């Protein structure tokens, strides 16, 4: 079967034909930039959940067909390709504002637009990886817009994350007797240290941390995640190529902001906080998040651990992911 034939099958599978459903796509201008928005759900009267994707500049919609259909039975899922990401990368400008504050303002504008379009007063926001930086900042600033914040692969301290990731890589390579990995890791010197944290240094550290299951638990290969985009019913080949173009154009500006992010002292929230964390996540390591969470004060707070997941629990344990949203997030949506 060709990729095109596979896409056709998946597109048919993902159709929501019942009359109560909603399935819309369009560009919405956010912060002066047209950004691609998808709205899907089995029942348009369900609560709304906005997915704030990771990366940076790695949209979640292309691979959402793997895990999202079950979620759509319970909430209306909104995906949007952030500025410089995916289909929104049709607009790329060297002068484009790529600050965290601008991404937070874009998300705020999207929620206000959804309020008018869907007739809702509050939405949930689910941040993944880089998206947790944007989502958590929004939860702190604009709790009035949210019935809940859900963090998956939550980033709290970029610097601590790098140190934890490096430690996992070294421990695993030592236990495995992997001299190639140890040589490359030793060549990084003190990590992250005081030397410039270049893309090359980060890639080396992540390569070995992810080789030892830090991205997808118990797997050294996670091609299913990257290659799933190739079968996406939502993107053409030309649109898929925009993902790489957006990453290349934005990474130098966004990466320092990820590394500098520090929310360790930001612990007071007026919105329920739910974290869905992979026990083996060493891409956004959980020790800094656990330490922070102990000090968080919120109307309610909870961690659900995914014992057989790393950084991608929605892919690795999709059944538990749906059940966790239904049992731990939706009660807040009902009372919002």
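Just so it is clear, none of the values below were taken in a lab; they were calculated from the coordinates. Fair warning: this is a prediction, and the values are worked out from it, not measured in the lab. Ideal geometry is used to build each Cβ from the backbone, glycine not excepted, and the neighbour counts take in all protein chains shown.
Comparing 127, 116, 153, which has the greatest mean-square fluctuation in the GNM of the chain with Cα pairs linked when under 10 Å apart?
Residue with maximal mean-square fluctuation among 127, 116, 153: 116.
Specify whether the C-alpha gyration tensor of the stretch 248-315 places it in the rounded, prolate or oblate class, a ≥ b ≥ c being the square roots of the eigenvalues: rounded for a/c under 1.5, otherwise prolate if a/b is larger than b/c and oblate if not. Please list the in-between numbers first.
Details: a/c = 2.10, a/b = 1.21, b/c = 1.73.
Oblate.
What's the extension gain from residue 238 to residue 268 if we count 0.36 nm per residue and subtract their Cα-Cα distance?
The residue 238-residue 268 span can extend by a further 6.4 nm.
Could you tell me the convex hull volume per residue, in Å³, taken over the Cα atoms of the chain? Display every interim value, and only then the final one.
On the way: hull volume 44.5 nm³, N = 336.
Expressed per residue, the convex hull around the Cα atoms of the chain is 132 Å³.
If a/c stays under 1.5 just call it rounded; otherwise compare a/b with b/c (prolate if a/b is bigger, oblate if not). Do that for the stretch 28-140, with a ≥ b ≥ c from the square roots of the Cα gyration tensor eigenvalues. The partial results should precede the final answer.
On the way: a/c = 1.67, a/b = 1.43, b/c = 1.16.
Prolate, since a/c reaches 1.5 and a/b exceeds b/c.
Just to be sure I understand the model, the point goes 7 Å from the Cα along the line to the Cβ. What's the resulting residue 141 to residue 327 distance in nm?
With each label point 7 Å from Cα toward Cβ, the separation is 3.5 nm.
Would you work out if the stretch 185-331 is rounded, prolate or oblate? Take a ≥ b ≥ c from the square roots of the eigenvalues of the alpha-carbon gyration tensor; rounded if a/c is under 1.5, else prolate when a/b is larger than b/c, oblate otherwise. Write out the running numbers ahead of the final one.
Values: a/c = 1.57, a/b = 1.15, b/c = 1.36.
Taking the square roots of the gyration eigenvalues as a ≥ b ≥ c, the stretch 185-331 is oblate.
Which of 300, 85, 38 moves most in a GNM of the chain, Cα contacts under 10 Å?
Greatest mean-square fluctuation among the candidates belongs to 300.
Starting from the 7 Å offset along Cα-to-Cβ, what nm value, one decimal, do you get for the label separation of residue 194 and residue 20?
Calculated label separation equals 6.3 nm.
Order these by the 10 Å Cβ neighbour count, fewest first: 243, 133. Show your work: numbers first, answer last.
Numbers: 243 21, 133 26.
Taking fewest neighbouring Cβ atoms as first place, the list is 243, 133.
Per DSSP H run of n ≥ 4, the term is -39500 (n - 2.57); total these for the chain, divide by its residue number, and report the mean residue ellipticity at 222 nm rounded to 500 deg cm²/dmol.
Values: 13 runs with 141 residues, N = 336.
Theoretical 222 nm ellipticity from helices: -12500 deg cm²/dmol.
Could you calculate, for the stretch 99-175, the ratio of the Cα radius of gyration to the Kirkwood radius, expressed as Rg to Rh? Mind showing how you got there, number by number?
Numbers: Rg = 16.3 Å, Rh = 14.0 Å.
Result for the stretch 99-175 is an Rg/Rh of 1.17.
For the chain, set up a GNM with springs between Cα atoms under 10 Å and report which of 177, 151, 214 has the largest fluctuation.
With Cα springs under 10 Å in the chain, the top fluctuation among 177, 151, 214 is at 177.
How would you rank 150, 273, going from fewest to most other Cβ atoms within 10 Å of each one's own Cβ?
Values: 150 28, 273 21.
Lowest to highest Cβ neighbour count: 273, 150.
May I ask for the Rg/Rh ratio of the stretch 158-226, computed from Cα atoms with Rh as the Kirkwood radius, given to two decimals?
Numbers: Rg = 11.7 Å, Rh = 12.2 Å.
We get a ratio of 0.96 for the stretch 158-226.
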